[in-house]
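First up is the structure itself, then whatever we jot down about it.
Nothing in this text is a laboratory measurement; each read-out follows from the coordinates by a stated rule. None of the values given here were measured: they were computed from a predicted structure. Note: ideal-geometry Cβ built from the backbone for every residue, glycine included; neighbour counts use all protein chains shown.
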Amino acid sequence: MTVRTAVVTGGARGIGAAIVARLHEAGLSVASIDVTDPAVPRDGVWDVRCDISDADAVASALDEVTDILGAPTVLVHCAAFQKVAPFAALDPADWDRTFRVNVDGAFHLVRATLPGMRDAGWGRIVVITSSSYFAPPPGMVHYIASKGALTGLVRGLSTELGSHGITVNAVAPGLTGTENARRDLPEEHFALVRSRQAVPRTGEPDDIAAAVAFLASEDAGFISGQTLLVDGGESRV
């Protein structure tokens, strides 16, 4: 049995940490790339500090992962920069940082991992986008625009890479009960979102991780260029 190597960005906490745990449980060798360390060390997970907006730092991090775990054939881009602000008051530096992390980071990561996937004739790229692209709330124009760019990246890459045995998909979470979300948002907001969902409970990081694990598996080999909404049915598109 082939033991595949997965790289997960933003894997230190929240949805990313749940994805790391799920892929590790599935038998993959997993590296987490993040700008911070996890709250506690994780057995069997290789944690790498890296700012993915820096192309040289990404190349160095992927070289380290390859040396330790082998060339990655699963890439999950979960890291994101998000700051809520109305468009008219948006600091250009925040617009720039949003795109450098969310979009440029994806570009650097795919470029760094693609040669190994092509050599293997097999690969899975999963990008975390957002249900906000389908139902945009106020104060998030820059974030939504970056997720729209990632949606286009997924569609375009799927066309180019399918003949190499590489699938490319997106998972779009709705409001998810991460530690940060529960700290920053009042319960009333969670209740409002639940009232719009077909499944009337708050989504959890494990809900997103389960969808990612499927798209990263052998069973998902005939699915590419798609966006899977994981939002309890709030966006019925």
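The table below gives the values:
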item	result
Residues of the range 1-39 that turn out to be over 20 Å from residue 63 (Cα atoms), surrounded by 22 or more Cβ atoms within 10 Å (Cβ to Cβ) and basic (Lys, Arg), as a count	1
Qualifying positions in the range 134-145 - within 16 Å of residue 227 (Cα to Cα) and in contact (Cβ under 8 Å) with a residue 60 or more places away in the chain	134, 135
The one condition in (1) of a type in the set (A, V, I, L, M, F, W, C); (2) more than 26 Å from residue 84 (Cα to Cα); (3) surrounded by 18 or more Cβ atoms within 10 Å (Cβ to Cβ); (4) touching an Asp or Glu at 6+ places or on another chain (Cβ under 8 Å) that residue 198 fails to fulfil	(3)
